[in-house]
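Comments concern the structure below.
The values are calculated or read from the model by the stated rules, or taken from the named source; none is laboratory data. All values derive from a computational prediction rather than experimental measurement. Cβ: placed from backbone, ideal geometry, glycine included. Neighbour counts: every protein chain shown. Accessible surface areas use protein heavy atoms only, side chains included; no ligands, DNA or RNA. Shrake-Rupley method; radii C 1.70, N 1.55, O 1.52, S 1.80 Å.
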Amino acid sequence: MPDHESGSPGFHDDDDQKLESLGYVPSFKREFSNLATISFAFSIMGLCSSVATTFNTPLLLGGPSSVTWCWILGATMCFTLGNSLPFLALAFPTCGGLYTASARLVPKRHRPIVGWVVGWLNILGQVAGLSSTEFGLSTMIWAAVVVAKDGNYEVTSGKVVGLFVGLLLFHGILNCLATRHLANFTKGFVFINLGTSVIIVIVLLATTERHEMHSASYVFGSEGVVNQTNGWNSGLAFLFGLLSVQWTDYDATAHISEEVKRAAYAAPAAIFIAVIGTGLLGWLLNIVLILCSGPLCVKPTVPRISLMIMALRMGKTGALFLWTFVCLTAFFVCQTALQACSRTVYAFSRDHGTSFTSSRFPDRGYFGYVSKLTHTPLRAIWLSTIFSILPGLLDFASPVAASAIFSLTAMALDISYIIPIALRRIYQHHPEVQFKPGPFYMGDGLLGWAVNINCIVWTLFVSVIFSLPTYLPVTKDTMNYASVITGGVVLLAMIWYFIDGRRHYHGPHANFQDGVTPTIIGIGEGDGEKASISSKDEGKEEGSLLSLNNHD
């Protein structure tokens with residue numbers, strides 16, 4: 001068996017040396033093999049569960065053609081984003097991911113504010129992503145109950161939110177397991193994810209009579225453009241379908257890089273493979289769902305139209321059996337999303353980014369603690385879990401308000417992605433920015449520039465789309481709160497920073513255990529920042545961290 005799969009100490013040493021060269025003492029155990037890492041990347045994108053969760057949005061706003069074309073259009077554009085991100089994040093393979101990378105891609109004086117803004121945007125997007133996925137899983141489970149009872153069952157907001165909270169707490173408990181258990185648990189995700197999608201496609205095609213399938217014009221053409229926004233023009237209604245493919249987390253794998261063997265190779269390769277696989281297979285699944293959908297003249301009472309289509313063609317028993325695996329895929333997405341989110345919170349706390357507004361009551365790295373028993377950040381896990389409950393409570397206001405958390409996820413995450421991509425190009429020749437790319441890098445030629453500019457422009461474009469209310473007229477019940485929440489969080493974070501944050505937060509910087517005497521060498525030199533670490537007391541408690549002032 002190759003060394004990178006067998007856990008050879010040599011590769012562990014290389015990973016940890018790279019981490020130490022950035023000034024970080026390894027805090028986690030490297031238990032994620034290549035297979036577990038690829039499975040993690042596919043799971044966070046949740047192919048069949050993402051389609052099932054977001055299928056209603058394009059179909060009920062822009063029509064069948066919106067489902068078909070928005071997925072492949074968005075997937076193609078997201079491919080440029082998925083190619084730009086890992087090569088930046090994995091050049092700095094810490095659990096901070098792009099949060100850490102962003103601050104190291106700008107001159108020293110800008111590092112605190114850039115790290116602060118990107119960190120809060122990324123945390124907001126990850127919390128909203130976890131919340132929206134868990135909320136989607138709750139509605140998927142209740143949809144199965146409705147189908148099982150032949151539509152004679154009422155699903156209330158209380159039932160949806162209650163199950164949503166219960167599922168989040170259960171995932172919080174699961175994430176408290178040791179890293180080796182999380183890695184072993186994750187390995188099988190990819191097979192259920194991809195296998196379920198392929199089986200659904202095959203069974204739908206096998207159980208639908210040829211004369212009952214829709215025409216090509218309905219699936220791909222003008223016949224499938226149906227504007228149901230009650231006022232927006234058909235072009236904009238069509239573009240609302242982009243949410244289905246933009247609603248995903250591309251840099252989550254980077255956040256577990258301190259737990260991955262050969263992280264500089266395995267993590268970007270996993271993201272690259274997952275983006276391509278999810279985009280192509282997801283497009284096929286959407287096409288088949290539309291092709292076999294039958295007559296959909298009015299909004300169905302079933303919360304998930306994809307389940308209704310499956311029940312129409314496969315029968316109730318067959319549809320519910322396969323739907324169990326779709327729900328299981330969503331369950332895996334939530335599991336990996338909470339793991340990634342907690343690592344970001346841990347990294348931000350480690351750098352004193354989550355201190356309270358009063359400098360007299362800082363968290364002093366409280367959430368940057370790693371359990372000696374499980375070697376996982378338990379405090380960050382439960383903070384992420386509790387915060388993720390809050391967006392789901394919007395369902396008590398209105399279903400439209402609750403749907404804003406899906407748009408919020410796409411907006412906050414995508415904006416946090418393009419900031420480091422833009423900064424890399426703006427400051428690439430600045431003497432204080434020492435960027436040393438990993439083994440996978442697109443380079444500084446025309447292709448690299450074109451890919452970067454494309455994903456930046458595309459993200460700004462879709463962020464405008466996701467800020468708009470999907471139904472007219474705009475009322476308190478139809479208002480899209482995604483832009484309000486995103487803008488509000490950024491504004492509050494900036495106020496917080498200038499009032500208090502700048503006193504104790506100096507951007508991502510080295511952390512050393514108590515009793516360790518650090519020696520920093522080669523700062524600002526051509527090979528990047530190097531740090532050698534010597535310890536006079538190796539017996540200190542693992543979770544106790546002493547953050548140095550800004551060594552950048």
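Within the full protein context, the accessible area of Met45 is estimated at about 10 Å² for a probe radius of 1.4 Å.
Largest to smallest in accessible area, the residues Lys261, Lys436 fall in the order Lys436, Lys261 (1.4 Å probe, all protein chains included). For the range 19-133, the Kirkwood estimate of hydrodynamic radius, built from reciprocal distances between every pair of different alpha carbons, is 17.0 Å.
Using every pair of distinct Cα positions in the range 196-289, the Kirkwood expression returns a hydrodynamic radius of 16.6 angstrom.
Pairwise Cα separations in the range 404-463 fall into 5 Å bins from 0 onward with the following percentages, short to long: 4, 16, 23, 23, 16, 11, 6, 2, 0.
Rounded to the nearest 10 square angstrom, Tyr153 shows an accessible area of 70 square angstrom against a 1.4 Å probe. Return the tail of the calculated pair distribution for the range 91-137, meaning the percent of Cα-Cα pairs more than 12 Å apart. Of the Cα pairs, 63 percent sit more than 12 Å apart. Across the range 396-402, coupling constants 3J(HN,Hα) worked out from phi with the 6.51/-1.76/1.60 Karplus curve, θ = phi - 60°, read 5, 6, 5, x, 5, 5, 5 Hz, and Gly and Pro carry x. Over the alpha-carbon set of the range 396-495, divide Rg by the Kirkwood Rh and report the Rg/Rh ratio to two decimals. That ratio equals 1.11.
Projecting the Cα atoms of Val165, Val190, Leu177 onto the dipole axis of the range 154-242, where Lys and Arg carry +1 and Asp and Glu carry -1 at the beta carbon, places Leu177 farthest toward the positive end. For the residue pairs Lys18/Lys187; Lys159/Lys372; Lys159/Lys261; Lys261/Lys372, alpha carbon separations beyond 31 Å are given by Lys159/Lys372; Lys159/Lys261.
When Phe325, Phe498, Phe191, Phe435 are compared by accessible area of protein heavy atoms, the largest-first order is Phe191, Phe498, Phe325, Phe435, using a 1.4 Å probe. In plain terms, the chain from Ile202 to His430 could stretch by 76.7 nm, reckoned as 0.36 nm per residue minus the Cα-Cα distance.
Average projection, convex hull of the Cα set of the range 121-172: 3.8 square nanometres. Taking the average, over residues, of other Cβ atoms within 10 Å as the packing measure, peptides 47-58, 194-205, 470-481 rank 47-58, 194-205, 470-481 from highest down. Computed over protein heavy atoms with a 1.4 Å probe, the accessible surface of the range 80-211 works out to 32 Å² per residue.
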